[in-house]
Amino acid sequence: MKTEVIRLFGIVQGVGFRPFVSRTAKACRIYGSVCNKGSYVEVIAQGEEAERQQFYRDLIAKAPARSSILNVSTAIEDRKPYADFTIIESAKEKGAVFVSPDIAICEECKKELFDKTNRRYLHPFINCTACGPRLTILDAMPYDRERTSMGEFPMCDACHEEYTHPETRRYDAQPVCCNDCGPEVYLLGRKERRRDAICKAREVICRGGIIAVKGIGGFHLCCDAANDDAVQRLRRLKHRPVKPFAVMMKDLNTAKRECVVAPKQEALLDGHEKPIMLLRKRAQSSLSFYIALDNPNVGVMLPYTPLHLLLFTYDDDLVMPEALVMTSANASGAPICRTDEDVETEVLGMCDLVLSHNRKIRLRADDSVVDFYDGKPYMIRRSRGYAPLPFFAGRETGRQVLAIGGELKNTFCIGKDNLYYLSPYIGDMADIRTVTALRESITRMETLLEASPSVVACDSHPRYNTTITAHELGLPVIEVQHHYAHILSCMAENDCIDKTVIGVSLDGTGYGTDGTIWGGEILLCDIHGFRRCGSIAPFWQRGGDVSSKEGWRIAVSMIAQLVKEPSDIASVVQQLQLCDEANLQAQLFMAANQINSVRSTSTGRLFDAVSAILGLCRASTFEGEGAMKLQFAAECGKDRAEGHVLHIETDSLQDTRCILPTDRLVQEMLQRRLQGENVSLLAYQFHDALARMLVQACEQVREETHCRTAALSGGVFQNTLLLRLCDAMLQQRGFTVLKHRFVPPNDGGIALGQAVYAMYNKGGV
C-alpha cells in the first residue's frame with residue numbers, strides 16, 4: 001500500500017473538515033491521519049490505489065458546505081503502516097493562513113433551538129461545526145478552542161462527549177456549549193440573566209422601547225420597525241435624521257411579504273453569510289415610513305445568531321413584531337461598540353435596555369451590505385460573513401505588505417505573496433476612536449495571519465488620519481494615488497494585474513497629483529503606474545469640507561461659471577431656491593477673492609450639484625444622499641426618456657487631457673429645469689449623457705493606445721443605473737469591462753489596490 005500526503009488549503013478549519021475526512025477515510029478503507037496545520041489541513045492517506053483515488057474524489061466533491069478548498073497539493077511518501085485512521089492534535093506551522101469568517105446559524109441548530117426535547121432548547125449560543133462565530137472570537141491560528149474567547153468556558157461532560165466524537169455534528173466545534181456551560185446573556189446594570197433577560201428585552205421592544213443587543217461582531221440598536229414613534233425616537237437619539245436603517249426580519253417569508261426578493265437574492269439572503277441586502281419595498285409594506293425616508297429600497301437581513309432568533313420567538317406570551325430595526329450601536333463617527341464598556345460610554349443614552357453576554361468579541365465585524373447587479377451580488381460593505389477571506393492576484397513575490405486603506409469606509413489589507421486579506425469594515429477615520437480601532441484591528445489581524453509586513457501603503461493625501469497612522473507605524477511608507485488605487489482594486493479582484501486597462505474612477509474626493517481634488521478620472525493604468533488621460537470638466541468647489549455635504553454650494557459655484565452676470569446669478573439661484581441672499585453673497589465673495597476655494601473634478605460633487613438644481617436635495621445629511629435621490633428620480637424617468645437621448649460630444653482637449661463637457665451638461669440641466677421640464681426625465685438624461693461622455697473618452701484613449709479593457713471603480717459606481725449604462729455601452733463598443741463584485745467599488749475596497757501596488761513597487765505614485 002502506498003501512502004499519499006494530501007494538503008488542502010482554504011477555509012478548511014472550523015468548518016467540520018477533520019471529522020468529515022475521518023468519516024470519508026473509514027468509508028473508503030483508508031488508514032492514516034488528519035491534522036490542522038497552521039495554514040492547511042494535512043491528510044495522510046494509506047491504502048490501495050483504487051481506494052485512495054475514490055477517497056481523493058470524495059474529499060473534493062463532498063467537502064463540508066461551509067468549507068472552501070482553494071488549493072490542493074499531493075505527494076507519495078514512504079510511511080510505516082497505520083493501524084487505523086485518527087484525528088490528531090493541531091500542529092503549528094508557518095505559511096498561508098485562511099481564517100474562516102463568522103457563519104450564520106445552520107438549519108440543524110435552528111431546529112434544535114426550538115425543540116423542547118433537546119437539551120439546547122432556547123440556548124442563545126447553540127452552534128455546531130457548520131455554524132457559529134469564527135473570526136470574531138479568534139486569538140490565533142490554528143483554530144482550536146484554547147485560542148478563542150470560548151477558552152474561558154469549560155465544557156460540561158455532555159458537550160465534551162460531542163466535541164471528542166467524530167460521528168457527532170459538534171466534533172471539534174470550538175464554540176460548542178449548552179445551557180449547562182458556556183456563556184450567558186444578561187441585562188447590563190440590572191439583575192436579570194438568562195431567560196429573565198431575554199423576556200425583559202422582548203417586553204421592552206413590544207411596548208415601543210429601544211434596546212442594545214450584543215451580536216457576533218458588535219452591538220446593535222434595536223426597536224420595532226413598524227412603530228413610527230420608536231423609529232423616530234431612535235433617529236433623534238442617534239442623530240440620524242434621514243439615513244436608512246437596516247431591518248432584521250423574522251424569516252424569509254416575512255422578507256418576501258415586505259419586499260421584492262428575486263430567487264438569486266433569496267439564496268444569498270438566507271445563505272450562511274446573511275448580509276444586509278438592498279431590496280425593493282412592496283407598495284403595501286408594513287414597515288414604518290421612517291425606516292427609509294423617500295427611498296424605494298430597504299436594507300434587509302435575516303437572523304444570523306440564536307439570540308436574534310430568540311428575540312423574535314420565545315416561550316413567553318408576548319406577540320413580537322416580525323421586523324426589527326438592527327442598526328450598529330455607536331456614537332456618530334465612532335466604530336461599532338464591541339464591549340460593555342463601549343456601550344456604557346457611547347450609546348447608553350440611546351436605549352432603554354442593554355442585552356449583553358459574556359462571550360468576548362476579539363475583533364469587530366459590522367454587517368456586510370450587498371446590492372445586486374446583473375443577477376449577481378454587488379458588494380457595498382464587505383465585513384461579517386466574508387472578511388477575511390483572501391483574494392488571489394498575480395504571482396508569488398515573497399513579500400508581505402500592509403495597506404492602511406481609505407479615510408472613509410475604512411478597511412485595511414494585508415498582502416502575503418499573492419494572497420490579499422481585506423479586513424472587516426472599520427469606519428470613518430475622522431474620529432480618533434476609529435483610528436484606535438484601526439490600530440487594534442491591524443495588530444490582531446497580523447497575529448492571526450502570522451504576517452510581518454515590511455512596508456505600509458497609504459493614500460497620498462497628506463492630512464488624512466490614515467496617512468498619519470501609516471507614517472507612525474515605523475515601516476517604510478508607499479503613497480498610492482487614490483483613484484489609481486480604486487482601479488488597481490478592480491484589476492486585482494478580476495485577477496488582471498498583469499494587464500493595461502483604461503480606468504474609469506468616479507468618486508467624491510481624492511487628492512490629485514496636481515494638488516487639486518480629483519474624482520471624475522479616466523486613467524490608463526498598469527501595475528506600475530498610471531497616466532491621467534481625461535476627467536470631467538473642472539469646477540470650483542467653495543466652502544471647504546462643508547461643500548461636500550451641501551450640494552447647493554457646488555450648484556451655485558457652477559451657475560456662477562455658466563451665467564456670469566451677478567444679477568442673473570441671483571435670479572437663477574432664487575428661482576431654484578438654492579440658498580438665501582446672505583449665503584449667495586458669501587459664495588460670491590469667496591469666488592471673487594478665491595477664499596476657501598479649490599479646483600475639483602469630483603463626480604460625487606457633480607451629482608450633488610445636479611440633485612440640488614433639480615430640487616431633489618439641497619444638502620445631504622449623510623454621504624451620498626443627494627446622489628441617491630438623483631438616481632431614484634432617474635429610475636422613475638427611464639420610460640419617459642425613450643427616444644429623448646441627450647447628445648453632448650466629448651471633443652475638447654486641454655493639456656493633452658480629454659475634458660468631458662460636464663459643464664455643458666449642467667448648463668443643459670439648468671436651462672431645462674428653469675423651463676419646468678420633468679425632473680425625473682432630466683435626472684435620467686443626466687445619467688445617460690454622463691455615461692455616453694465616459695464611453696466616448698474611453699474610445700479616445702483606445703484609439704491612441706489600442707487598449708480594449710475598461711475597469712469601473714469608485715464610490716459613484718454604487719449607483720447601479722450609471723454602472724449599467726456604462727457597462728452596456730462599453731460592451732457594445734467592443735470593450736472588455738472589469739467590474740467589482742465582492743470588493744466594494746467605494747473606499748471600502750481601496751486598500752486592496754494599495755496593497756497590490758506596494759507588492760510590486762518600491763516607490764509611491
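About the centre of its Cα atoms, the chain shows a dipole size close to 540 debye [charges on the beta carbon of Lys, Arg (+1) and Asp, Glu (-1) only; nearest 20 debye]. Near VAL480, the amide H atoms lying under 5 Å from its own belong to CYS458, ASP459, SER460, VAL765; only residues 5 or more places off or on other chains count, and H is placed 1.01 Å from N. Across the range 546-579, the residues whose backbone nitrogen lies under 19 Å from the label position 7 Å along the beta-carbon direction of GLN594 are 557-558, 560-562. Centre-to-centre separation between the Cα atoms of the range 558-617 and those of the range 323-354: 39 Å. Between ARG240 and VAL546, the simple label model (points 7 Å from Cα in the Cβ direction) yields a spacing of 2.6 nm. Ordering MET141, THR705, GLN575 by Cα displacement along the dipole of the chain toward the positive end leaves MET141 in first place; charges were set at the Cβ atoms of Lys, Arg (+1) and Asp, Glu (-1). Residue-wise HN-Hα couplings along the range 494-508, as the Karplus relation 6.51 cos²θ - 1.76 cosθ + 1.60 with θ = phi - 60° gives them from phi, are 8, 6, 10, 6, 8, 9, 9, 10, 8, x, 9, 10, 10, 7, x Hz; Gly and Pro carry x. Taking 7 Å steps out from each Cα toward its Cβ at MET1 and THR168 produces label points 2.8 nm apart.
With r as the distance between the Cβ atoms of THR74 and GLU192 and R0 = 56 Å, compute the FRET efficiency 1/(1 + (r/R0)^6) and round to 0.05. My answer for the efficiency is 0.50. For the range 330-482, the convex hull drawn through the C-alpha positions has a volume of 146 cubic angstrom per residue. Ranking LEU752, PRO661, LEU309 by how far each Cα lies toward the positive end of the dipole of the chain (charges on Cβ) leaves LEU309 at the top.
For the pair GLU107 and ASN761, the difference between a 0.36 nm per residue extended length and the Cα-Cα distance amounts to 230.7 nm. Qualifying trypsin sites (Lys or Arg not before Pro) in the range 61-151, where qualification requires a DSSP coil assignment and no more than 14 other C-beta atoms within 10 Å, comprise LYS62, LYS92, LYS94, LYS116, ARG119. With a Förster radius of 30 Å applied to the beta-carbon distance between GLN574 and ARG640, the computed FRET efficiency rounds to 0.60. Relative to its Kirkwood radius, the Cα radius of gyration of the range 355-409 gives an Rg/Rh of 1.06.
What value does the range 2-87 have for Rg/Rh, both radii from Cα atoms and Rh as Kirkwood defines it? Here the Rg-to-Rh quotient is 0.92. The Cα-based radius of gyration of the range 275-372, divided by its Kirkwood radius, gives an Rg/Rh of 0.97.
Cα-Cα pairs above 23 Å in the range 629-765: how many percent?
Working: 4213 of 9316 pairs.
It works out to 45 percent of all Cα pairs.
Please give the contour-minus-distance gain from ALA61 to ILE432: 0.36 nm per residue of separation, less the Cα-Cα distance, rounded to one decimal in nm. Walk me through the numbers before you get to the answer.
Details: separation 371, 0.36 × 371 = 133.56 nm, distance 4.80 nm.
Once the chain is fully extended between ALA61 and ILE432, it gains 128.8 nm.
Measuring against 30 Å, Cα to Cα, the residue pairs LYS37/LYS264; LYS264/LYS638; LYS238/LYS549; LYS2/LYS416; LYS250/LYS549 contain LYS37/LYS264; LYS2/LYS416; LYS250/LYS549 as the ones spanning a longer distance. Site pair ASP251 and GLU472 shows an inter-label distance of 5.0 nm when each label is modelled 7 Å from Cα along Cα→Cβ. Using 0.36 nm per residue and subtracting the Cα-Cα separation, the extra length available between LYS360 and ASP84 on full extension is 95.5 nm.
Near CYS259, the amide H atoms lying under 5 Å from its own belong to ARG282; only residues 5 or more places off or on other chains count, and H is placed 1.01 Å from N.
My understanding is that a pair violates if its Cα-Cα distance is over 30 Å; which of LYS116/LYS200; LYS243/LYS762; LYS116/LYS274 do that in this structure?
Details: LYS116/LYS200 21 Å; LYS243/LYS762 41 Å; LYS116/LYS274 26 Å.
The answer is LYS243/LYS762.
Loop-located trypsin sites (Lys or Arg not before Pro) across the range 481-587 with a Cβ neighbour count of 14 or fewer within 10 Å are LYS564, with loop assigned by DSSP. Loop-resident trypsin sites (Lys or Arg not before Pro) (DSSP state other than H, G, I, E or B) in the range 586-693 with no more than 16 further Cβ atoms inside 10 Å of their Cβ: LYS638. Here LYS499 is the anchor, and the aspartates and glutamates within straight C-alpha reach of less than 20 Å, apart from those fewer than 8 places off in the same chain, are GLU396, ASP417, GLU521, ASP526, GLU699, GLU703, GLU704, ASP727.
Starting from a Cα-only point model with no solvent, please compute log10 I(q)/I(0) by Debye for the range 185-357 at q = 0.12, 0.13 1/Å. Calculated log10 I(q)/I(0) at the listed q: -0.50, -0.59. Compared with the dominant Cα axis of the chain, that is its longest principal axis, helix 625-637 is turned about 80°.
With Cβ to Cβ distances under 12 Å as the rule, what net charge do the other residues near LEU606 carry (K, R +1; D, E -1)?
Values: positive: ARG605; negative: ASP507, ASP608, ASP663.
Local charge sum for LEU606: -2.
Any idea what angle helix 49-61 forms with the longest principal axis of the chain, computed on alpha-carbon atoms, 0 to 90 degrees, nearest 10? Between helix and principal axis, roughly 40 degrees.
Just tell me the longest site-free run in the chain, where the sites are GluC sites (Glu not before Pro) in a DSSP loop having at most 12 other beta-carbon atoms within 10 Å.
Numbers: sites that count: GLU89, GLU167, GLU396, GLU642, GLU649.
Between the exposed loop sites, the longest stretch runs 397-641.
Residues whose amide H comes within less than 5 Å of that of HIS272, counting only those at least five positions distant or on another chain, are absent (H built at 1.01 Å from N in the peptide plane).
Just so you know, all these numbers are worked out from the coordinates, no wet-lab data involved. Since we're looking at a predicted model, the values are computed, not measured. Cβ atoms come from the backbone with ideal geometry, glycine included; neighbour counts cover every protein chain shown.
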